[in-house]
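Structure first, commentary second.
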Amino acid sequence: MLTGQHYQNAYLCDDIEAAIEKMRSYYSFGEIPIIDVDQQVKTKDGLKHLVSRICFIWIDNLQIELIQPIKDETGIYNCDPSHTANGALHFHHSCARISDWDKFRAAVDQQDLPLAIERSDDNPHLKYLYLDARSLLGHYLEFTWMSDEMWKRLGAPS
């Protein structure tokens with residue numbers, strides 16, 4: 001399922017501060033806040049716990065998300081540790097913004113890529129899910145719906 005407005009590529013790392021500095025050696029950007037995330041997500045096996053440190057870096061119209069997994073009961077962020085050592089970046093997923101979540105969500109149930117995780121019930125400004133497209137594309141696909149207010153809070157270009 002390929003739909004929506006692609007705006008993000010996401011990378012795993014083992015040291016988010018080191019990864020930010022590696023990115024800074026190639027791109028010019030200001031201060032990047034690191035966000036500590038502790039959440040429950042839906043999986044086919046029920047609710048699972050995810051803890052991570054993330055940040056968002058905008059380079060023109062592309063957002064780079066860096067993810068340092070801390071606790072991952074889903075297994076979605078499993079990666080060979082040698083791929084993320086010392087802040088090295090390992091590509092994980094692309095993300096597209098969806099304008100109509102209900103229509104999109106109904107279509108998800110009609111396609112054959114497995115649903116990996118979902119968080120769509122508890123935040124009126126943000127809903128997201130990951131489809132496991134590794135068999136097709138070699139990586140996960142994330143889809144988000146967010147309010148215009150949240151889009152602006154993420155620092156999106158207008």
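Laboratory data are not the source of any read-out in this text; all were calculated from the coordinates shown. The structure presented is a predicted model; accordingly, all values stated were derived computationally and were not measured. Note: ideal-geometry Cβ built from the backbone for every residue, glycine included; neighbour counts use all protein chains shown.
Close amide H pairs (under 5 Å, H built 1.01 Å from N) link Thr84 with no residue at least 5 positions away or on another chain. Taking a straight Cα-Cα cut-off under 23 Å and skipping sequence neighbours fewer than 8 places away in the same chain, the lysines within cross-link reach of Lys127 are Lys42, Lys44, Lys48, Lys71, Lys103, Lys152. Comparing Ser99, Ser147, Ser28 in a Gaussian network model of the chain (Cα springs below 10 Å), the most mobile by mean-square fluctuation is Ser28. Applied to region 12-21, the Karplus parametrisation 6.51 cos²θ - 1.76 cosθ + 1.60 on θ = phi - 60° returns per-residue 3J(HN,Hα) values of 8, 8, 9, 8, 5, 5, 5, 5, 4, 5 Hz, with x for Gly and Pro. Computed 3J(HN,Hα) for region 65-79, one whole-Hz value per residue from the Karplus formula 6.51 cos²θ - 1.76 cosθ + 1.60 where θ = phi - 60°, is 9, 9, 10, 10, x, 10, 9, 9, 6, 7, x, 5, 9, 4, 7, glycine and proline marked x. Karplus-derived 3J(HN,Hα) values for region 131-148, using 6.51 cos²θ - 1.76 cosθ + 1.60 with θ = phi - 60°, are 9, 8, 9, 4, 5, 9, 10, x, 7, 7, 10, 9, 10, 10, 10, 8, 5, 4 Hz; glycine and proline are entered as x.
Distances between placed amide hydrogens fall under 5 Å for Ile70 paired with Val51, Ser52, Arg53, all partners being 5 or more residues away or on another chain. Entry note, region 35-130: relative contact order of 23 percent, from Cα contacts under 8 Å with a spacing of 6+ residues. Dipole magnitude for the chain: about 200 debye, using +1 per Lys or Arg Cβ and -1 per Asp or Glu Cβ, origin at the Cα centre.
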